[in-house]
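Note sheet for the following structure.
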Ligand code: SIN
């Protein structure tokens, strides 16, 4: 065991986790620990480009418009109350971050510059370093956490939740010296991010292996919306993995999408699911493996997007002259551990925030630049709830699909309240020994998921995806971090395939070639337990 029990153990060090840690340690003087499998600044947050969507200036923008755009992108599965919290509290949290020292880009008059991205009716995205927003957000938060008394456990891999008498009381973790120890805490907040590494073509860093979601599934904690994986339409189509992202803000500035004949085929400012689907269909029709982003008409590219200009130069591309090859890449896990509006999960003592969670703000497809915002709003909300002595989940947000669900008649309860349908996951097949090289097993799983559970899926391909996840599980016995990561990916992959097979319709980021329309009876959350 490591030290005395903490008040709050945060798993993960992205925007949700570090916002919560600062809030807990500074504002509420809690004894906080942050446990991360890499180093503190190493998180998916660092990779975020475009920015943070928040209504910081009024007219003509308003939080009502931000809410309406978020609901429209979410294709009928957002929880309107959760989105209301997101858009209303967002501006306060962005301003707090500025007070902490985050430097967002400003114009000559000192006003925050605002960009527009797909799905937003107006320019409302604040950004830093052009399109290096995640780097700046992470820098500010890492420095803020380091200035607190929070205990930092780096290179410590959380293996499983510790559950005693029906309550989460910490985790069992693998430490860099090879020892396995308990870290005890009165409350555990999971902020470990998504599972983009389930796919061979992804914008997510190597660490995005769905560890928190897999831990929750193993502990019987409710998880939902896993079938909704957002594919970003403009990942640079070169061999590098993760794929370099060409921010959505480029299209907001006027960059155009063209097929290999030079023709435009989609409104570039539609939400990401629409654009990724249009690209995939056009690539299939023309037998291509990419389309092109034409940014030749953009002024001051190097000045506005310096990090992207550098990445393009490294790939031998000049955005002033070359059309840039792009294709969809797995980018964001819209679902995750089900929470109420304050981050409480179905397991008392366990909280979740950020990409790992399913609070109801994203529904079937996340609106661009709402993810950093979600982390900075819902991380601190969990801390506030802990401070207020909340001990379990309320029937609010996505949790309404669990606590308010009628197992015999899963349905949409009303326009505002989304019901749930429970899916049970069969026990995984036995693990064969000796295990295979985890890197090879991971690569096989990733290829299968991209091919069979990617932008377009059907019942047959999803069966293959489920078999691939079972096979990865079977071949991943072993005690290294690499083995644990493959098992976590396989666990999430099994649940994703199960949910995607059950959702016999197309909605948001989930497109079934065999069920191309949305089915009103399926306007419910699929909850895996
Ligand atoms: C982007 O800049 O296009 C990505 C930002 C996001 O994922 O919202």
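Values computed for the structure shown
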quantity: Between the range 481-500 and the range 124-166, the alpha-carbon center distance in angstrom; calculated: 24
quantity: For the range 110-200: rounded, prolate or oblate by the Cα gyration tensor [a/c cutoff 1.5]; calculated: prolate
quantity: Full-stretch length increase - residue 479, residue 111 - with 0.36 nm per residue and alpha-carbon distance subtracted; calculated: 127.3 nm
quantity: Most to least packed among 484-492, 277-285 [average Cβ atoms within 10 Å]; calculated: 484-492, 277-285
quantity: Using alpha carbons only: equivalent-ellipsoid semi-axes of the range 358-498, gyration tensor based, whole Å; calculated: 33, 20, 17
quantity: The range 462-529: C-alpha pair distances exceeding 20 Å, %; calculated: 39
quantity: Inter-part distance where the range 218-270 and the range 283-352 are each reduced to a Cα centre, Å; calculated: 5
quantity: Gained length - residue 307 relative to residue 146, 0.36 nm times residue gap less alpha-carbon distance; calculated: 55.3 nm
quantity: Computed label-point distance, nm, for sites residue 464 and residue 177 using a 7 Å Cα→Cβ extension; calculated: 4.8
quantity: Taking only Cα atoms of the range 26-177, radius of gyration then Dmax in Å; calculated: 18.6, 59
quantity: Compactness of the range 217-360 - radius of gyration and Dmax, Cα, Å; calculated: 18.4, 57
quantity: Rg followed by Dmax, in Å, when the range 332-396 is reduced to its Cα trace; calculated: 11.2, 34
quantity: Residues residue 439 and residue 286, FRET efficiency given R0 of 56 Å [Cβ-Cβ distance, rounded to 0.05]; calculated: 0.95
quantity: Ratio Rg/Rh [Cα only; Rh per Kirkwood] for the range 276-353; calculated: 1.22
quantity: Percent antiparallel among DSSP beta bridges (both partners in the chain, rounded to 5); calculated: 60
quantity: Distance between modelled label sites at residue 384 and residue 39, nm, 7 Å Cα→Cβ extension; calculated: 3.4
quantity: Hydrodynamic radius (Kirkwood) for the chain, which is based on Cα pairs only, to one decimal in Å; calculated: 22.8
quantity: Using a Förster distance of 22 Å, the FRET efficiency for residue 160-residue 424 (Cβ separation, nearest 0.05); calculated: 0.65
quantity: Computed lengthening from residue 64 to residue 513, 0.36 nm per intervening residue step minus Cα-Cα distance; calculated: 158.2 nm
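Only the coordinates and a few stated rules stand behind these numbers; no lab work does. Owing to the predicted nature of the structure, the values given are computational and were not obtained by experimental measurement. Neighbour counts run over all protein chains shown; Cβ positions are idealised from the backbone, glycine included.
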